[in-house]
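The values are calculated or read from the model by the stated rules, or taken from the named source; none is laboratory data. The structure presented is a predicted model; accordingly, all values stated were derived computationally and were not measured. Here the Cβ is made from the backbone with ideal geometry for all residues, glycine too, and neighbour counts use every protein chain on show.
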Amino acid sequence: MIWLNDLEIGSNNLQNSTLLLPLINLQKLDISENDEILEIQSLDKLTNLVELNLSQTNLQQKGISSLSKLVNLKKLHLSFNQLSDVSALSALISMQELNLTYNTLQNLNDLQNMTNLQTLVLLGNSGINISKLRNFINLTELCLHDLGLKEVDVLQCLYKIDNLTLTQNELIEVCALRNMHKLIILDVRFNRIQSFIPILHQQFQYLRVDDQSEQTPEEIIKSKKVHEIYTLNNILCRCGKIKKINHLFANFKQLVSKQLKLLNLQQNELLNKTVCLFKSINIQSFQ
């Protein structure tokens, strides 16, 4: 057992982390969803850890000071812990993936030394100040779901991002994303975005624009670069922008002959005669 490298004991009734002390060669440890665990101080002896999952372990009551000694960590999950203080993470400069879903962070000041960070998930940290994000220039994947954001200008210099989630915010425009040329996966559901024209020159593989407060993303239909489009619950047939639904689907037909592989139009109150226009369209995957 002392040579064990990978241990997953999530969703058990673990109460004492001292039981893990003999496992000094552990590189991957998952003790998530053990919300009755009394302390995690013993983890500071497991200095060979590269990946650690402590999600949903009631850390707000225990603190995470012991993590400061785990300087080899590259992947850390701390979701659902109501953490407001993550200063103990400032020494973890090798970190590449950090998941802080549904905590209570106010800013990113304590993470500034993580210059190697590639994946950052801040989902559900409502009201957090993200101004320091501009320093994370090596990010390739970023999730900013449900933060109450009204603008994302801070993202303008994050040129390496290829996967971006901005769902359930209060955005009305996406101009800040126009120079993110590596962006191929973008999810902006549940916003109020009025135009996607500034970013339609990009080669998206996956674009999700559902629930835009009944704003129809008509210009997306005209793009010849998007591979997969999800535009659910935008009431396509009711939008005043589109006076001739036949013209809209003519654009679909043009698009499909180029790049489109998947089209999802659920919950748009399409008319029967409108749907009939798809008969001559050959989409490889239609949901």
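Give me the pairs, please: first residue somewhere in segment 1-30 and more than 21 Å from Leu78 (Cβ to Cβ), second residue anywhere and charged (D, E, K, R), beta-carbon distance under 8 Å, and either six or more positions apart or on two chains.
Between residues of segment 1-30 that are more than 21 Å from Leu78 (Cβ to Cβ) and residues that are charged (D, E, K, R), the close pairs are Asn5/Lys28; Leu21/Lys45; Ile24/Lys45.
Restricting the first residue to segment 199-224 and requiring it to be at pLDDT below 80, which pairs with a second residue that is among the small types (Gly, Ala, Ser) meet a Cβ separation below 8 Å and a spacing of at least six or different chains?
Within 8 Å, the pairs are Leu200/Ser223; Glu219/Ser195.
Can you tell which of Asn191, Asn103 is touching a Ser or Thr at 6+ places or on another chain (Cβ under 8 Å), part of a loop (DSSP other than H, G, I, E, B), buried (at least 19 other Cβ atoms within 10 Å of the Cβ) and modelled with pLDDT of 95 or more? Please lay out each step first, then the result.
Values: Asn191 fails: modelled with pLDDT of 95 or more.
The conditions single out Asn103.
So which of Thr119, Thr101 ends up being within 11 Å of the chain's Cα centre (by Cα) and touching a residue at least 40 places away in the same chain (Cβ under 8 Å)?
Details: Thr119 fails: touching a residue at least 40 places away in the same chain (Cβ under 8 Å).
Criteria check complete, one pass: Thr101.
A quick yes/no check of all residues on (1) of a type outside the set (Gly, Ala, Ser); (2) in contact with an Asp or Glu (Cβ under 7 Å, 6 or more places away or on another chain); (3) not in a helix (DSSP H, G or I):
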residue: Gly63; (1), (2), (3): no, no, yes
residue: Leu67; (1), (2), (3): yes, no, no
residue: Phe80; (1), (2), (3): yes, no, yes
residue: Leu83; (1), (2), (3): yes, no, yes
residue: Ala88; (1), (2), (3): no, no, no
residue: Met95; (1), (2), (3): yes, no, yes
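Gly127: touching a Leu at 6+ places or on another chain (Cβ under 9 Å), at positive phi, surrounded by fewer than 14 Cβ atoms within 10 Å (Cβ to Cβ) and assigned to a loop (DSSP other than H, G, I, E, B), yes or no?
Working: touching a Leu at 6+ places or on another chain (Cβ under 9 Å): yes; at positive phi: yes; surrounded by fewer than 14 Cβ atoms within 10 Å (Cβ to Cβ): yes; assigned to a loop (DSSP other than H, G, I, E, B): yes.
So Gly127 passes the test.
Would you be able to say whether some residue in segment 24-45 is small (Gly, Ala, Ser), crowded, with 20+ Cβ neighbours inside 10 Å, out of contact with any helix residue (DSSP H, G or I) (no Cβ under 9 Å at 6 or more places or on another chain) and farther than 18 Å from Met114 by Cα? Walk me through how you get there before you give the answer.
Taking segment 24-45 as the starting set, the residues that turn out to be small (Gly, Ala, Ser) are 32, 42.
Pick out the ones that are also crowded, with 20+ Cβ neighbours inside 10 Å and you get 32.
Filter again for out of contact with any helix residue (DSSP H, G or I) (no Cβ under 9 Å at 6 or more places or on another chain), leaving 32.
Cutting the leftovers down to farther than 18 Å from Met114 by Cα gives us 32.
Yes, segment 24-45 contains at least one residue that is small (Gly, Ala, Ser), crowded, with 20+ Cβ neighbours inside 10 Å, out of contact with any helix residue (DSSP H, G or I) (no Cβ under 9 Å at 6 or more places or on another chain) and farther than 18 Å from Met114 by Cα.
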